[in-house]
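Here is the structure we will look at.
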Amino acid sequence: MKRTIAMIVAALMMVFVFTACGQSPFVADWEITDVEMGGIKMEARTANITCSLSIKADNTATMKMNGDTSPSLKWSESSGTITITSEENSKTETMTGKIEDGKLVLTMTTDGVSAKMYFMKM
């Protein structure tokens, strides 16, 4: 009887351990909904922008924007913030973001101009 109880307790502990080790909330396929630049926010389709982002558990990601696929992307997560980086032709680009109201909001600054992209989980 004691052995059975011990086995049940051990099994329950394993369930709790594996449940606590869940995957990042960023790991998913995302579709752009809105863009914001210079304080003006509009629907992506109004701006003729199509973009999908696939964030994978192995810390890689792919982005397809207006038919073009990005070079290999890498991502990391710290304190609820995601950082996505790409390196192409010795140039590193970085986007950072958080999940706000169920949407992934990524911010990117290029040549001093900041833009936000809003994504919804597919």
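Candidates are the residues of segment 85-122 that are of a type in the set (Val, Ile, Thr) and touching a residue at least 24 places away in the same chain (Cβ under 8 Å); the one that is farthest from GLY39 (Cα to Cα) is ILE99.
Could you please give the count of residues in segment 95-109 that are closer than 15 Å to THR83 by Cα and over 13 Å from the mean Cα position of the chain (by Cα)? Within segment 95-109, residues that are closer than 15 Å to THR83 by Cα and over 13 Å from the mean Cα position of the chain (by Cα) number 2. Scanning segment 87-95 turns up one or more residues that are at pLDDT 95 or above and in contact with a Leu (Cβ under 8 Å, 6 or more places away or on another chain).
I'm trying to understand the selection: among the residues of segment 55-79, which are over 19 Å from THR33 (Cα atoms), free of Cβ contacts under 8 Å to residues at least 24 places away in the same chain and assigned to a loop (DSSP other than H, G, I, E, B)?
Our first condition is that a residue be over 19 Å from THR33 (Cα atoms); within segment 55-79, this holds for 56-60, 71-79.
Still in the list and also free of Cβ contacts under 8 Å to residues at least 24 places away in the same chain: 58-60, 71-74, 76, 78-79.
Scanning segment 55-79 gives ASP58, ASN59, PRO71, SER72, SER79.
Within segment 96-108, the set of residues being surrounded by 14 or more Cβ atoms within 10 Å (Cβ to Cβ) and closer than 16 Å to GLU31 by Cβ comprises GLY97, ILE99, LYS103, LEU104, VAL105, LEU106.
The values are calculated or read from the model by the stated rules, or taken from the named source; none is laboratory data. Please read these numbers as outputs of a predicted model, since none were measured by experiment. All Cβ positions, even for glycine, are placed from backbone atoms using ideal geometry, and neighbour counts span all protein chains on display.
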